[in-house]
Amino acid sequence: MKRLISMLVVCMAILSVQAQKFGSAAMQKLNTAQFAIANLYVDSVDENKLVDEAIIKMLEQLDPHSTYSSAEEVKKMNESLQGNFEGIGVQFQMIEDTLLVIQPVFKGPSQKVGILAGDRIVAVNDSSIAGVKMSTEEIMRRLKGPKGTSVNLTIARRGVNKPLNYTVVRDKIPIHSLDAAYMIEPGIGYIKINRFGATTTEEFLEAMKMLKKEGMKDLILDLQGNGGGYMKAAIDMANEFLKEKELIVYTEGRVTQRSDFYAVGNGGMKSGKLIVIVDEYSASASEIVSGAIQDLDRGVIVGRRTFGKGLVQRPIDLPDESMIRLTVARYYTPSGRSIQKPYETTADTELASSAGKGEDNARRYREDLLNRYKSGELMSADSINFPDSLKRQTLKLQRTVYGGGGIMPDIFVPIDTTLFTNYHRDLAAKGAVTQTIAKYIENNRQSLKSKYKTFKQFNNDFVVNDDLLNLLQATGEKIGVPINEEEYQRSKSYIQAQLKALIARDLWDMNEYFQVMNTTNESINKALEVIKSDQYDKILKRP
């Protein structure tokens with residue numbers, strides 16, 4: 001017993017010495033607790049896990065976007081934003097426990113060795129992945145790998161009796177941030193950006209160059225569903241439309257001094273009509289672009305109020321390659337609007353209640369979009385009430401715009417709920433749609449390519465017939481989605497467009513997919529209407 005007491009006394013003395021190494025009383029308290037748990041607790045503990053949980057809980061008390069990411073999460077996040085990962089280069093989906101190649105990446109390692117769309121990968125390095133109920137994550141782990149390493153694939157190909165064997169040398173595979181770029185009508189270009197990553201500026205400029213060669217004078221820029229990314233990519237994009245020394249965005253925080261970001265003036269489209277389409281999922285970098293275009297009266301914003309993510313995170317690398325993304329400033333539009341929607345912080349409240357309040361705040365923040373739907377905001381602009389204190393004026397025409405979170409469009413387009421039903425949602429969620437297309441393409445790829453030499457011909461002539469729709473319904477019933485005739489009829493036109501778009505994607509690429517699907521998008525249809533009529537000029541008071 002005396003020995004145990006002596007050990008405790010020694011440990012407490014060490015705790016006191018350790019605590020003195022840290023400046024603030026709070027840090028002394030935290031490190032004393034950590035040291036005590038690690039050295040005195042009755043059972044062994046996972047110190048790394050304890051520290052991770054402590055960091056997560058601390059960040060939860062700050063704001064919704066200060067976050068902790070593990071080393072693995074950091075790697076996945078960087079792949080997405082840096083614009084590439086290392087692997088074999090195929091688009092695939094799992095069909096009946098088999099990996100079906102939708103498309104090999106153009107000039108990627110799989111295409112180079114002869115792997116084709118429609119091939120089924122049944123084994124990787126002599127280990128079967130077909131019919132063994134292997135998770136998608138596990139399959140991805142086997143296919144991905146460092147550039148320059150090899151992987152042996154066994155392929156089953158329709159019309160070939162014996163399995164084919166390929167050795168693929170992994171390489172860097174691009175992740176594109178540009179989904180589509182095409183002439184939506186004569187003189188009017190369309191570009192859709194899905195994220196703001198390291199390659200976005202290059203992809204965007206290349207698309208602009210191509211569309212100008214095809215006669216583009218006006219542009220519809222689609223940022224629907226774009227959750228943001230790199231601030232620099234957003235500034236580069238806004239620069240294409242603005243004049244020299246026009247303010248794009250500024251940031252400012254408690255410790256971080258104000259930083260202003262201006263257009264350089266070397267953009268390639270400083271004239272011509274511009275419409276930016278946004279929705280409730282457009283966030284962060286998307287809001288920088290749309291906010292600058294609106295405040296400077298450069299174009300018209302169409303759609304629904306954006307997400308409202310206007311906090312600047314600084315990445316702080318930790319020794320084990322994990323990361324903290326700590327909010328250090330806020331984004332402000334040129335007119336001084338804060339992009340960030342309201343959130344309650346509990347950092348200064350009593351410790352006894354802050355944890356519970358922090359969880360409530362996080363839950364309310366996460367449920368904001370659901371609450372917008374319930375309140376009717378997504379269906380009617382009249383459901384949105386802005387107090388006078390949030391009113392601002394655009395910098396050139398003194399048009400009224402609103403702060404308080406997100407960018408409110410100049411022209412509101414309600415969400416279309418008439419085409420979406422539980423039946424269609426279940427077909428999509430349970431994989432019936434993708435399975436149907438995979439089967440159809442596998443059986444008809446050659447005949448489709450022979451009949452439709454170009455996408456234009458396909459888009460004009462191909463019709464989703466009853467045979468394909470019946471196949472979808474049968475596939476749905478097979479996986480537990482019973483037919484609901486009333487809901488099927490409501491969603492039928494949308495289902496037909498979706499099936500046609502997916503066939504176009506598999507025969508060509510995502511650009512063609514969006515050319516089909518965009519015909520069903522009310523915001524895009526509205527943008528076309530505005531840009532072709534005098535409504536655009538009236539909003540921006542153009543002669």
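The values are calculated or read from the model by the stated rules, or taken from the named source; none is laboratory data. In this text, all values refer to a predicted model and were calculated from it rather than measured experimentally. Every residue, glycine as well, gets a Cβ built from its backbone with ideal geometry; the counts of neighbours run over all protein chains shown.
Among the residues of the stretch 310-348, count how many are out of contact with any strand residue (DSSP E or B) (no Cβ under 7 Å at 6 or more places or on another chain) and either modelled with pLDDT of 90 or more or closer than 26 Å to Leu369 by Cβ (or both).
Summing the residues that are out of contact with any strand residue (DSSP E or B) (no Cβ under 7 Å at 6 or more places or on another chain) and either modelled with pLDDT of 90 or more or closer than 26 Å to Leu369 by Cβ (or both) in the stretch 310-348 gives 7.
Which residue pairs have Cβ atoms closer than 6 Å, lie 6 or more positions apart in sequence or on different chains, and pair a first residue in the stretch 40-56 that is without any contact (Cβ under 8 Å) to a residue 24 or more places away in the chain with a second residue that is part of a helix (DSSP H, G or I)?
So the pair list comes out as Glu47/Ala38.
Look through the stretch 130-154, keep the residues that are in a loop (DSSP other than H, G, I, E, B) and farther than 25 Å from Lys75 by Cα, and return whichever of them is modelled with the highest pLDDT.
Once the filter is applied, the top-ranked residue is Ala130.
Would you mind stating whether Ile121 is in a strand (DSSP E or B) and touching an Asp or Glu at 6+ places or on another chain (Cβ under 7 Å)?
Considered against the rule, which asks whether it is in a strand (DSSP E or B) and touching an Asp or Glu at 6+ places or on another chain (Cβ under 7 Å), Ile121 comes out as no.
Looking at the stretch 244-267, which of its residues are touching a helix residue (DSSP H, G or I) at 6+ places or on another chain (Cβ under 6 Å) and of a type outside the set (A, V, I, L, M, F, W, C)?
Hit for the stretch 244-267 is Gly267, nothing else.
Could you tell me whether Val124 is β-branched (Val, Ile, Thr) and farther than 26 Å from Gly431 by Cα?
Considered against the rule, which asks whether it is β-branched (Val, Ile, Thr) and farther than 26 Å from Gly431 by Cα, Val124 comes out as no.
Taking Val433 as the residue in question, decide whether it is in contact with a strand residue (DSSP E or B) (Cβ under 6 Å, 6 or more places away or on another chain), modelled with pLDDT of 85 or more and of a type in the set (A, V, I, L, M, F, W, C).
Spelling it out, it is not the case that Val433 is in contact with a strand residue (DSSP E or B) (Cβ under 6 Å, 6 or more places away or on another chain), modelled with pLDDT of 85 or more and of a type in the set (A, V, I, L, M, F, W, C).
Within the stretch 201-213, is even one residue touching a residue at least 60 places away in the same chain (Cβ under 8 Å), hydroxyl-bearing (Ser, Thr, Tyr) and either in contact with a helix residue (DSSP H, G or I) (Cβ under 8 Å, 6 or more places away or on another chain) or part of a helix (DSSP H, G or I) (or both)?
No.
As an exercise: evaluate Glu79 against (1) modelled with pLDDT under 80; (2) more than 41 Å from the chain's Cα centre (by Cα) and give the number of the one condition it does not meet.
Among (1) modelled with pLDDT under 80; (2) more than 41 Å from the chain's Cα centre (by Cα), Glu79 violates only (2).
Could you list, in sequence order, all residues of the stretch 152-178 that are more than 30 Å from the chain's Cα centre (by Cα) and either surrounded by 12 or more Cβ atoms within 10 Å (Cβ to Cβ) or outside the structural domain of Val113 (by TED's automatic domain parsing) (or both)?
Asn152, Leu153, Thr154, Ile155, Ala156, Arg157, Arg158, Pro163, Leu164, Tyr166
Quickly run through the stretch 503-523 and pick out the residues that are of a type in the set (A, V, I, L, M, F, W, C) and in contact with an Asp or Glu (Cβ under 7 Å, 6 or more places away or on another chain).
The answer is Ala504, Met510, Phe514.
Would the stretch 187-209 turn up any residue that is crowded, with 16+ Cβ neighbours inside 10 Å, over 30 Å from Trp508 (Cα atoms), within 20 Å of the chain's Cα centre (by Cα) and among the aliphatic types (A, V, I, L, M)?
So far as the stretch 187-209 goes, no, none of its residues is crowded, with 16+ Cβ neighbours inside 10 Å, over 30 Å from Trp508 (Cα atoms), within 20 Å of the chain's Cα centre (by Cα) and among the aliphatic types (A, V, I, L, M).
Do you know which residues across the stretch 295-345 are without any contact (Cβ under 8 Å) to a residue 12 or more places away in the chain and outside any strand (DSSP E or B)?
Leu318, Pro319
Filter the stretch 100-118 down to the residues that are over 18 Å from Asn443 (Cα atoms) and either without any contact (Cβ under 8 Å) to a residue 12 or more places away in the chain or out of contact with any Pro (no Cβ under 6 Å at 6 or more places or on another chain) (or both) and list them by number.
Pro104, Val105, Phe106, Lys107, Gly108, Pro109, Lys112, Val113, Gly114
Pick out, from the stretch 379-481, the helices (runs of 4 or more DSSP H) lying fully within it that include 2 or more residues that are among the β-branched types (Val, Ile, Thr).
Ranges flagged: 432-451.
Out of Ile235, Ile175, report the one residue that is touching a Ser or Thr at 6+ places or on another chain (Cβ under 7 Å) and on the phi < 0 side of the Ramachandran plot.
Only one candidate passes the filter, namely Ile175.
Given the condition hydrophobic (A, V, I, L, M, F, W, C), surrounded by 24 or more Cβ atoms within 10 Å (Cβ to Cβ), modelled with pLDDT under 95 and farther than 11 Å from Ala238 by Cα, answer yes or no: does some residue in the stretch 271-282 qualify?
no
Is it fair to say Arg445 is within 28 Å of Arg157 (Cα to Cα) and not β-branched (Val, Ile, Thr)?
So Arg445 passes the test.
Could you give every pair whose Cβ atoms fall below 6 Å, whose first residue belongs to the stretch 509-522 and is not assigned by TED's automatic domain parsing to the domain that holds Ser493, and whose second residue is assigned to a loop (DSSP other than H, G, I, E, B) and crowded, with 19+ Cβ neighbours inside 10 Å, counting only separations of at least 6 or pairs across chains?
Note: pairs meeting the criteria are Glu522/Val413.
Can you tell me which residue is surrounded by the fewest Cβ atoms within 10 Å (Cβ to Cβ) among those in the stretch 396-424 that are more than 30 Å from Ser335 (Cβ to Cβ) and modelled with pLDDT of 90 or more?
Selected residue: Asn422.
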